[in-house]
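To start, the structure under review is shown below, and the notes come after it.
The values are calculated or read from the model by the stated rules, or taken from the named source; none is laboratory data. Source: prediction; values computed, not measured. Virtual Cβ from ideal backbone geometry, glycine too; neighbours counted across all protein chains shown.
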There are 2 protein chains.
Amino acid sequence: MYSGKIQKALEAQGIRVGDRIIVDKAGRMYEGLLMPRIELGNRNAVVLKLDNGYNIGVDFTGAKLMPSKAAEPKPVKEEEEFELGRVRPELTKVKFDRKKPPVSIITTGGTITSRVDYKTGGVTALMSPQEMVYNIPELAQVANFRMLNPFSVMSESMTSGHWQQLAKAVAKELRRSRGVIVTHGTDTLHFTAAALSFMLRDLGKPVVLAGAQRSTDRGSSDGAFNLICSARVALSDMAAVGICMHGSMADDYCIFTRGTKVRKMHTSRRDAFRPINDKPLAMVWPDGKIKKMQSVPKRSTGVAKADTAFEPKVAIIKSYPGCMPDVIDFYVGRGYRGLVLEATGLGQLPTYGKVSWLKSIKRATDKGVLVCGAAETLYGRLNPNVYSEGRQCKEAGVLFLEDMLPETAYVKLGWVLGHTRSVEKAKAMMLTNYAGEITARTLPGSFLY
Amino acid sequence: MYSGKIQKALEAQGIRVGDRIIVDKAGRMYEGLLMPRIELGNRNAVVLKLDNGYNIGVDFTGAKLMPSKAAEPKPVKEEEEFELGRVRPELTKVKFDRKKPPVSIITTGGTITSRVDYKTGGVTALMSPQEMVYNIPELAQVANFRMLNPFSVMSESMTSGHWQQLAKAVAKELRRSRGVIVTHGTDTLHFTAAALSFMLRDLGKPVVLAGAQRSTDRGSSDGAFNLICSARVALSDMAAVGICMHGSMADDYCIFTRGTKVRKMHTSRRDAFRPINDKPLAMVWPDGKIKKMQSVPKRSTGVAKADTAFEPKVAIIKSYPGCMPDVIDFYVGRGYRGLVLEATGLGQLPTYGKVSWLKSIKRATDKGVLVCGAAETLYGRLNPNVYSEGRQCKEAGVLFLEDMLPETAYVKLGWVLGHTRSVEKAKAMMLTNYAGEITARTLPGSFLY
């Protein structure tokens, strides 16, 4: 809540949060959208979102405010690329420091760069990349940041085209930075993490994906904390693609988890990203302490290449009691080249009297579609040899993918089919471990970590 | 391994495990399938699977064996119903005891009644219901068991027709038993638990579902332990439908978890069944100790009714980056009346340029299809009001189902649409809490329990 004095001034002129206003402070004019007063800080300061994307607080002592009649400003240009502290230094607290290592931050949209849209009441992707790091002085203490915004989408609308664009941008940045941070919406963050894991070959540096479960206008916002820990990972000796997000409900540490073994397991908790059939690669504290939890490839002189060929004609099919296999025929009819079936148990698929999944699978494999099986339980490993039904699936041509996550299997299948027309070669590639997606032996203590 | 003496006799006649043989013990003839010698017990006893379904061990001292030429026996009659200890008492260790309460066990197939098929090397559903409890004397100490086998299927082939048949059998048994145990394959056990939760109305007694993750011929078999704990729940004061399976990796206790809030989360671990957005109703020890973890309806004089109307034309659709919404149109075209979309995040669905899930959803809802949203993350609650995209989904007619599991939502949707042709009434029913499927407030400590 704003102070009573500000409240009164707003009410007197019928001004509401989200309205465009001008604050006149002893003749100096500030113009922007009125933001709500967040929990902390000076209640007697009017918070404005300026047209350059930054929030500022103007102390209201000796000031007055009025509605603005100006037109809406143009949105921040996409593809904007700049070095923080060099461009518009007057607007940031960040100073460029030659002695510090360079780290690139690639923003792609999502909650971490979102704010409440006070016109509609919902949260939309509006924030400029600069703004995201503007209020995190801890970042500037450890590195110089290059900022890049190749595109902005809400993560549920991310496609393989975005992954390709992103992989190329990351590979390019890796050439001049110590490490790359990608900020991203959380809904499909684990899919993008898997895509970058496969698309970035000969990785010699850290690639860290981070998002926020709570938007920046909430007291419980996790974006800043995740970014600070991500910067620590980006500067670390771990050459891996992974997600760095809260490890617990508190702001105590983050976990950095392999990009092929991680899944969003909760709609809203800040510690929603959990390793599946794996432990985190490391626990990371904001002060730079890193505790490795397993062996991780070391930083090297390798120059990462973006190997982005991808076949988008792949789909995931869930199985459940009563699910009819004609959805397989549907995808085959539409020219899909690969399917991931979420199999129940150790690798079974249903048979209902004369309606058998096996027949549809056989039709698919006969047409050269690569049909894979992954565990619907998420945790655990498929073992189709235990039950006769599982062995029949295998004989019908289903390739069972060990302990690979269905979501990772989907991304990998698209990537593999982008690289070959040969089903046999694709099968061999699916069972080749490119980015830790298959573990020979599950680490103890990894179930429900 | 059998003793050297038995091995030699088998090898001399070319007999292998799974072959039909006769053991002649001082003129008394035993005929059956040769079973492998399991870890424990007399290595100098030949183990036979008799035609009545029981295993017996015949001490080989002074005995000889030979192949049998007899035809394969007929399988155990389905629908067989008997009271353990009354029928064929000479074949069981179980004595009927008038002073003990009656409990019904309904078997439906699955690993808990499976054994290795030595012909194919895989595990198949072969065991007779009697055999399952034959070697568990702890069961007979607490109750008299009525056994029932309405059908036998591997759980991946379970359909809503089976659920209806099962609900009727359970309701009938509840009239004459203190409680009912249903044994079931584990792959879709949680779907059947949800189905019975909705189909059994005015429940006044416990209904316990149990299965086994490891078959009985393995040292780590969990079926017996789960059954003993299930019997304790069946005799308890909890009037609820739930799953009773291992609570940890050890044989120390089981957890009894609400049938609408439970999911198989691991392919092979014995403690694979975990509560989602909930805690177990109770921890259960084999000696009868029960520790309730939340309030559970008490046993009452209510007479359960089977309310089994069900619409099988329902489907689950997963969403993921690049998934095309035409699969919605596919199901609508096939006359489906209800769809559960696994939404990402708090309730978002993708838009790819001009291809929007909203358009397909709108076409579906315009045709009277009830489209629901459930959380793909499994844990957490949907809140479509936070993001503009979520609110657009809601406006297009998607009914968001709070913290209901997608699998439970699917079962409930079929059950609700079996009861009404009115979409509005169905929507109201979907948001009515019938069996604990929606929790107003998530219990602390329930994430990744």
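Miscellaneous remarks
- Members of the range B:169-190 found to be farther than 14 Å from B:I105 by Cα and of a type outside the set (A, V, I, L, M), listed by number: B:G185, B:T186, B:D187, B:T188, B:H190
- Within the range A:270-288, tally of residues that are buried (at least 21 other Cβ atoms within 10 Å of the Cβ), within 9 Å of chain B (Cβ to nearest Cβ) and in a loop (DSSP other than H, G, I, E, B): 1
- Qualifying residue in the range B:363-371 (condition: among the hydroxyl-bearing types (S, T, Y), within 12 Å of chain A (Cβ to nearest Cβ) and either surrounded by fewer than 18 Cβ atoms within 10 Å (Cβ to Cβ) or in contact (Cβ under 8 Å) with a residue 12 or more places away in the chain (or both)): no
- Applying the criterion of being within 14 Å of chain B (Cβ to nearest Cβ) and out of contact with any Asp or Glu (no Cβ under 9 Å at 6 or more places or on another chain) to the residues of the range A:412-449, the residue that is surrounded by the most Cβ atoms within 10 Å (Cβ to Cβ) is A:L448.
- The range A:271-287, subset free of Cβ contacts under 8 Å to residues at least 60 places away in the same chain and in contact with a Lys or Arg (Cβ under 9 Å, 6 or more places away or on another chain), residue farthest from B:L448 (Cα to Cα): A:D287
- Residue under evaluation B:S360, criteria (1) within 8 Å of chain A (Cβ to nearest Cβ); (2) in contact with a Pro (Cβ under 7 Å, 6 or more places away or on another chain), criterion not met: (1)
- Candidates B:L166, B:L203, B:L174, B:L196, filtered to the one that is farther than 23 Å from B:G414 by Cα and either in a helix (DSSP H, G or I) or away from chain A (no Cβ under 14 Å) (or both): B:L174
- Condition broken by B:G390, with the remaining ones in (1) farther than 17 Å from A:H266 by Cβ; (2) buried (at least 23 other Cβ atoms within 10 Å of the Cβ); (3) among the small types (G, A, S) satisfied: (1)
- Residue selection: A:G347 satisfies the criterion of being within 14 Å of chain B (Cβ to nearest Cβ) and among the small types (G, A, S).
- Residue within the range A:217-226 that is buried (at least 19 other Cβ atoms within 10 Å of the Cβ), away from chain B (no Cβ under 14 Å) and part of a loop (DSSP other than H, G, I, E, B) present: yes
- Condition broken by A:V303, with the remaining ones in (1) among the β-branched types (V, I, T); (2) under 14 Å from A:V241 (Cβ atoms); (3) surrounded by fewer than 19 Cβ atoms within 10 Å (Cβ to Cβ) satisfied: (2)
- A:L209 vs. criteria closer than 15 Å to A:V262 by Cα, assigned to a strand (DSSP E or B) and either within 14 Å of the chain's Cα centre (by Cα) or more than 14 Å from chain B (Cβ to nearest Cβ) (or both): yes
- Restricting the range A:254-269 to residues that are without any contact (Cβ under 8 Å) to a residue 60 or more places away in the chain and over 20 Å from A:A143 (Cα atoms), the residue that is surrounded by the fewest Cβ atoms within 10 Å (Cβ to Cβ) is A:S268.
- Residue within the range A:318-330 that is free of Cβ contacts under 8 Å to residues at least 12 places away in the same chain, assigned to a helix (DSSP H, G or I) and within 9 Å of chain B (Cβ to nearest Cβ) present: yes
- Residue count for the range A:291-300, restricted to those that are of a type in the set (G, A, S) and either touching a residue at least 60 places away in the same chain (Cβ under 8 Å) or surrounded by 15 or more Cβ atoms within 10 Å (Cβ to Cβ) (or both): 1.
- Test for A:A239: is it of a type in the set (A, V, I, L, M, F, W, C), modelled with pLDDT of 95 or more and surrounded by fewer than 24 Cβ atoms within 10 Å (Cβ to Cβ): yes
- Residue match in the range A:389-399 (condition: without any contact (Cβ under 8 Å) to a residue 60 or more places away in the chain, touching a Phe, Trp or Tyr at 6+ places or on another chain (Cβ under 7 Å) and within 14 Å of chain B (Cβ to nearest Cβ)): yes
- For A:C244, the test of being surrounded by 23 or more Cβ atoms within 10 Å (Cβ to Cβ), over 13 Å from the mean Cα position of the chain (by Cα) and away from every other protein chain (no Cβ under 14 Å) is failed.
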